[in-house]
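The values are calculated or read from the model by the stated rules, or taken from the named source; none is laboratory data. Not measured: the values here are computed from a predicted model. Glycine also receives a Cβ, built like all others from the backbone with ideal geometry; neighbour counts cover every protein chain displayed. What goes into the accessible areas is simple: the full protein's heavy atoms, side chains included, and nothing from ligands, DNA or RNA. Shrake-Rupley method; radii C 1.70, N 1.55, O 1.52, S 1.80 Å.
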Amino acid sequence: MNAATFGATSKYAIRPSCPKSNSSSIHARTQKFCCLSRRHATLSLTSRSKVTCLASSNGLSYKEAGVDIDAGSGLVRRIAKMAPGIGGFGGLFPLGDSYLVAGIDGVGTKLKLAFETRIHDTIGIDLVAMSVIDIIAAGAKPLFFLDYYATSHLDVDLAEKVIKGIVDGCQQSDCALLGGETAEMPDFYANGEYDLSGFAVGIVKKESVINGRNISVGDVLIGLPSSGVHSNGFSLVRRVLAKSGLSLKDKLPGESITLGEALMAPTVIYVKQVLDIISKGGVKGIAHITGGGFTDNIPRVFPEGLGALVYNDSWPLLPVFKWIQKAGNIEDGEMKRTFNMGIGMVLVASKEAAERILNEGETAYRIGEVISGDGVTYQ
């Protein structure tokens, strides 16, 4: 890789409708693991009901798996005082009649499974996906990507496998791998382990930015299928795996693939599909379903006063999610605010555009509609 070191490891993003949109630069911060629950509470969803907080649960939760959502949300609130306008998926920087749109991310504790399964040639796809999908949520075309690979002692063969996945991800995204940084830090990481992060930059004309501003009651929610867990929720996944008594080499119950293969399925890169859909008009908002699941990510693209009605059972639930929920005794609400549940992106489109998208041949599902109110309701 070229020696192009980049700085902060923080993730920044902005709604393009931010009142500071005419400033020289726009940036704010998003928290991947935000949710609506109180401290020590879990979420439960009932038919035609809003999110309800429960005092306790017999099943596993993200917090019990070590991810403190409250702490992350608290940090976001502090940063919001310094950089108002947080909430979007990508950060926008004005450049003539366009915006540069930037996204930064890693792959979290999915890396732990890569070490255990020794599946290293697809984890780079996950890395690229997590940034470029945030970029296309604003309607931008990814231009280039840079990566950061850090390890205790450099294993050239292993690093080559990882970087091959990054190259594959960039090819799927139709963007250039512009450079990166390889850091060898003795005694900092365990032997045989490494860490990854990366960022991408894209571009979109100012008049073409997708910001949710024109979303209205009756617009349609269209879900694009995921390949599995993608790159969020693996702290909880690993806790479920330990509780289940199974190993990554065991078969996913009822399926022909192993748990390791199912859980390591690379994140779908929706770039070409979504940009093609956008080019035909009618798409008003796009949500990347990452940490926070449906519960937190869909409302991020809505104007105030609008909410989402999601139709239960309107898309196939992948076997891996059925296993996670059953093995971990996880409540429906906790599943829907932690995992993508088989839908990696949600497009908000006019009724006319929705009919066209659903009939074009690519797999997509009508999963809900925009309603008056706030938050996400399930029916």
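Of all the criteria given as (1) more than 18 Å from His288 (Cβ to Cβ); (2) part of a loop (DSSP other than H, G, I, E, B), the one not satisfied by Trp315 is (1). The condition (being without any contact (Cβ under 8 Å) to a residue 40 or more places away in the chain and surrounded by fewer than 24 Cβ atoms within 10 Å (Cβ to Cβ)) is satisfied by just one residue among Ala150, Ala159: Ala159. Taken as a whole, the condition of being among the charged types (D, E, K, R), under 27 Å from Arg239 (Cβ atoms), open to solvent by 20 Å² or more (accessible area, probe 1.4 Å) and touching a residue at least 12 places away in the same chain (Cβ under 8 Å) does not apply to Lys164.
Total residues in the range 204-214 satisfying the condition of being surrounded by fewer than 18 Cβ atoms within 10 Å (Cβ to Cβ) and in contact with a helix residue (DSSP H, G or I) (Cβ under 7 Å, 6 or more places away or on another chain): the figure is 0.
When you scan the range 108-120, do you find a residue that is open to solvent by less than 10 Å² (accessible area, probe 1.4 Å), part of a strand (DSSP E or B) and on the phi < 0 side of the Ramachandran plot, even just one? Scanning the range 108-120 turns up no residue that is open to solvent by less than 10 Å² (accessible area, probe 1.4 Å), part of a strand (DSSP E or B) and on the phi < 0 side of the Ramachandran plot. Gly192 satisfies every condition listed in (1) part of a helix (DSSP H, G or I); (2) on the phi > 0 side of the Ramachandran plot except (1).
Within the range 245-302, the residues that satisfy the criterion of being at pLDDT below 95 and among the hydroxyl-bearing types (Ser, Thr, Tyr) are Thr290, Thr295. Total residues in the range 331-352 satisfying the condition of being hydroxyl-bearing (Ser, Thr, Tyr) and open to solvent by less than 10 Å² (accessible area, probe 1.4 Å): the figure is 1. Quick check, is Ser227 open to solvent by less than 60 Å² (accessible area, probe 1.4 Å), in contact (Cβ under 8 Å) with a residue 24 or more places away in the chain and not in a helix (DSSP H, G or I)? Considered against the rule, which asks whether it is open to solvent by less than 60 Å² (accessible area, probe 1.4 Å), in contact (Cβ under 8 Å) with a residue 24 or more places away in the chain and not in a helix (DSSP H, G or I), Ser227 comes out as yes. Taking the criterion of being aliphatic (A, V, I, L, M) and either in a strand (DSSP E or B) or without any contact (Cβ under 8 Å) to a residue 24 or more places away in the chain (or both), the residues of the range 260-304 that qualify are Val283, Ile286, Ala287.
Please verify whether Leu248 is in contact with a helix residue (DSSP H, G or I) (Cβ under 6 Å, 6 or more places away or on another chain) and open to solvent by 10 Å² or more (accessible area, probe 1.4 Å), treating the condition exactly as stated. Before the answer, list the steps.
Values: in contact with a helix residue (DSSP H, G or I) (Cβ under 6 Å, 6 or more places away or on another chain): yes; open to solvent by 10 Å² or more (accessible area, probe 1.4 Å): yes.
Judged against the criteria, Leu248 is a match.
Among the conditions (1) assigned to a loop (DSSP other than H, G, I, E, B); (2) crowded, with 18+ Cβ neighbours inside 10 Å; (3) not β-branched (Val, Ile, Thr), the only one that Gly198 does not satisfy is (1).
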